[in-house]
Each structure stands twice: as C-alpha cells, then as structure tokens.
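Below is one structure; the comments refer to it alone.
The values are calculated or read from the model by the stated rules, or taken from the named source; none is laboratory data. Just so you know, these numbers come straight off a predicted model, no measurement behind them. Cβ placement follows ideal geometry from the backbone for every residue including glycine, while neighbour counts extend to all protein chains displayed.
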Amino acid sequence: MSCSESDFAQLQQMGERLAAGDRVLRKFLARRYLRVRDRSGNHVPLKPNRVQLEFEAKRGPRNIVLKARQMGISTWVSGQFFLKTITCPGTLTVQVAHTQEAAESIFRIVHRFYECLPPQFRDGILKTSRSNIRQIAFPMLDSEYRVESAADPNAGRGLTINNLHCSELARWSREPAETLQGLCAAVPKGGEIVLESTPMGAGGCFWQEWQESESTGTVRHFFPWWWEPSYTGTAVCESTLDEAERRLMQEHNLTHAQIGFRRQLLANFRGLAKQEYAENASDCFLSSGDCVFDKDAINIREREVNEPFAKRLGGQLQIWYPPVPGRKYLVAVDPAGGGSEGDYSAVQVIELETSLQCAEIRSKIGGLDLAQEVAKLAAEYNQALVVVERNNHGTGILAYLTGVCRYMHLYGQGGQQGWLTSTLSRPRMIGLLGAALVESPRIFSSSRLLRECRTFVRHRNGNIAAQFGEHDDCVMSMAMAIAVRSELVAAG
C-alpha cells in the first residue's frame, strides 16, 4: 500500500485533534489500535484503568506524577505518545528510563504497539526505515520514537523533542537535575512533558520538581496504592482494626481486603512501605538520613498550613499575618552572598509574645538589596527588632542596615551587633526549634520551612545539616529567631 495524500490528510486531522486534547479520540484510538500484554500473557486492547483515566482528565502540557508501584502510567503515556508520533508528521518522542534494562522494558511495550497495528498501516504510511532495540523511525512521516537511559550522559542531546516522558525520575543516576534540565530545554512551546516516579527520599531532582510544581505551571498527579484494584489481600476482621486503619477506610472508602493488603505491605516492606506504596503526597518522601526533627509533627502541620495572606517579590516574600498595632516583632536574617548559585538568604518575622511566624523571605538576593528589604519589612512590623547572623556575609548586611538604610533597632550580644552561630549555640538553636515543632506546631506557617525541616538530617559523620542537595536556610533563620526570643524572654 503506497502513501497517498488522503493518508496524510487523515493522519494530520487525527494528530491535530490529539494535540488539541481530544480525550475521547485518545481513548478510542488506544482501545482500537493499541495492544498490551495482560497478566496471563495475552495481547488485549489498552483499556484505561482508574489511574489512567484520572491522569487523562487532568493532563496538561507539563505534568508530574507521584505514584505507588505498578499503576500503569508508563504504559498509558507510552501509548498516547506513540499515537501522537504516528498521527503528527514531524514528531519526535523521547522516553528516558532510569536504567538501560528499564528502557528496554518500556521499548518492548512501544514495539508491541507497532507490531499489533493492522498490516496495511505497517506496510504503508507507517513503514519503518529503522527499528532497533530502542528506536523506531517513520520516514514517510518524518517522525521518530526513541527510548533512552538516563545513565547515558548524552540522552536527548541536540534534539528538538515534541513529547518527553521521564520515567522513575527519583532513581536517575549521574547528574539527574542537569540531565533533566537539558531534556526539558529541548521541548519547544506546544510540546508535552511527563515526569513520573515512585518517591525515593525527601530530596533530589524528583522531590524538588514536585515541591516546585505550582511555580513552574506543572500539573500534579498523585495516585495512592489503593487505586490499583489488584492490590487486595485477605480481608481482616472489623474488631482488629486500629485507629489509623479505621481512618483510612472512612476517608478513602477502603475495604477490609485492602486493609489486609496494607498489613502485608507493612510486614514485608517495613519502613519503606510508605515510599514504595504511597498513601499521601508528603509521608512517602522519606529522608535519606535520620531526620533531626519529629517527622510526625512535620507531617501533621504540613497538611494543615494555609496559603499566604499575601505574596511579594515574586513569591519570595510570603506573609501570613500582617502587623498588628501595639504588638512587638522580631526579624531574623540568615544572609547569603546572593547570585543564582549557592544558598538562599532567609528572613523570618515572628511575634515576640507567641513566636507566631508572620512572614518569611527566601531569596537569592544579598548585599544591599537584602538589607533594604529587611529594613522595609522591619519598619512595616512596628519597627521590629532585627537580628542578623554575623557569620560570613552578616557583617556586610549589618553595615548596610546602619550605614545606608539607617535602621538602628538591631540585636547585639557581647558588645557586638548580630548573632554568632557557633559550635556551642547551634545545637541549642536546633533543639529549641525541634521542641517548638512538637509543643507548638501551629506557630509555623511556611510550607517551605517545613519541607526543609523534613530534609534536615543527622549525617553519618555526626553532623546535623541539610540532606545532600537540599537547603536549610529557612531552618537556620527560624532557629535563630526562636533562640533570640528565648534569650529576650529570659532577660525579661
């Protein structure tokens, strides 16, 4: 069968509808033309399950998927990208898996899609010029489908990618953030990106992408293990249910057989059960070290915090409680050098009487720019007392505050302006913050701070600091604020 103008016209019409988000056509084509292997080894139509339908309903140009094991997302994304590749001339689809073995497994799914197409398609307009272990090329369409491994440092380099699927991103090796950045930069406007993974640690590339998804315009998708209908076990007796099990059953309409499956998970996976079979979008990100703070307190408060009352500086300054006349406030400043690399400058505003967190800055600004923002914020909060960590960049900030900004209401100790974080003061600061998280969790308003608390760990060498690749600037500025307030209260 030769390629005709009518073939191209028909393909282009379908491709345009798929690109425009025609979900009805997507599901129709998947069931009509795509075949997958079921658990019995038979080739059956790709009929979407609950997870796949929910993903399709919310799917946007850029997506991130946090999920439990074996939910069918990779298969569905592969199928939808395959359909776009064979219906939109000039399309390049790239899927990147975490290992070469995983890449080959995904490509077997894609190759099965192709092999199960009607012969008149494969012998006509979809005839391939190249089909190897991880690549299919359609010369009549000038389209191509590739599956690569993240272990290859050149994955996707030099390409213009229309559809990008990054599978098990949390488990990518080498330099995952750099690799991902290069791949996403290769996707032009109008392209589609899907980042997908089971969680692995409260840190790293996937965790960071999930946390920042709102600011990047990425659609979040979360799928807990009970959305997979095969995840059931022996039904448990009603009388044996504990409080957590009853709550799960009530909140998510789980069955006694699903609770039986959950008990098997906890017995088999122990501490990793929450990671491998996620139940919510925060607890599943386990710290790679021993978290210094109480994780249960962090988890509970993370689920309760509200959106800021106001945002300024492009969201870098977040305000939950505006100043109240007559109240006294403290502004704690942990400065960084500024610039796009390195740490953040972090500023906390707390009410002196209650320690209530009222506002927070987390920004790459430093120097005079930071001093001016601090002076402005402190003046707004009733001429608040400003405490600056004088280690490193702090001496410069103090000089700017007094010499340029003319702000004189500054904290000092030992005859010097500012606060000195030392090997003696640091453990006490962290201890006071940890105690406040347990005793008064509602004084904390910032999800950014709580995320940093989750990745503030005890390392093998005994040091307590941010997990590798993460930051602790909000943690240290809040710890300083609480420590200084404690001193002020003790002094009367």
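Being buried (at least 18 other Cβ atoms within 10 Å of the Cβ), modelled with pLDDT under 95 and acidic (Asp, Glu) narrows it down to one of 302, 353, so name that one.
Within the list 302, 353, the selection yields 302.
Where the second residue is part of a helix (DSSP H, G or I) and the first is polar (S, T, N, Q) and lies in region 259-270, which pairs have Cβ atoms under 8 Å and are six or more apart or on separate chains?
none
Mind telling me which of the residues 117, 92, 159 ends up being modelled with pLDDT under 90, surrounded by 14 or more Cβ atoms within 10 Å (Cβ to Cβ) and closer than 21 Å to residue 29 by Cα?
Details: 92 fails: modelled with pLDDT under 90; 159 fails: closer than 21 Å to residue 29 by Cα.
Result: 117 is the single residue among 117, 92, 159 that is modelled with pLDDT under 90, surrounded by 14 or more Cβ atoms within 10 Å (Cβ to Cβ) and closer than 21 Å to residue 29 by Cα.
Being crowded, with 21+ Cβ neighbours inside 10 Å and farther than 11 Å from residue 162 by Cβ is the filter here; which residues of region 184-197 pass it?
194, 195, 196, 197
Report, by residue number, each residue of region 153-172 that is of a type outside the set (S, T, N, Q) and closer than 11 Å to residue 103 by Cα.
Answer for region 153-172, where residues must be of a type outside the set (S, T, N, Q) and closer than 11 Å to residue 103 by Cα: 166, 168.
Would you please name the residue that is nearest to residue 265 (Cα to Cα), looking only at residues in region 226-252 that are β-branched (Val, Ile, Thr) and either touching a Ser or Thr at 6+ places or on another chain (Cβ under 8 Å) or in contact (Cβ under 8 Å) with a residue 12 or more places away in the chain (or both)?
Going residue by residue through region 226-252, those that are β-branched (Val, Ile, Thr) are 232, 234, 236, 240.
Okay, now just the ones that are also either touching a Ser or Thr at 6+ places or on another chain (Cβ under 8 Å) or in contact (Cβ under 8 Å) with a residue 12 or more places away in the chain (or both), so 232, 234, 236.
Values: 232: 11, 234: 12, 236: 14 Å.
Restricting to residues being β-branched (Val, Ile, Thr) and either touching a Ser or Thr at 6+ places or on another chain (Cβ under 8 Å) or in contact (Cβ under 8 Å) with a residue 12 or more places away in the chain (or both), the top hit is 232.
Is it fair to say residue 316 is among the polar types (S, T, N, Q) and in contact with a Leu (Cβ under 8 Å, 6 or more places away or on another chain)?
When the stated conditions are applied, residue 316 does not pass them.
Among the residues of region 28-55, write down those that are within 29 Å of residue 206 (Cα to Cα), surrounded by fewer than 17 Cβ atoms within 10 Å (Cβ to Cβ) and touching a helix residue (DSSP H, G or I) at 6+ places or on another chain (Cβ under 6 Å).
47, 50, listed by residue number.
Give me a count of the residues in region 176-206 that are free of Cβ contacts under 8 Å to residues at least 12 places away in the same chain and either under 25 Å from residue 455 (Cβ atoms) or assigned to a loop (DSSP other than H, G, I, E, B) (or both).
Matching residues across region 176-206 total 3.
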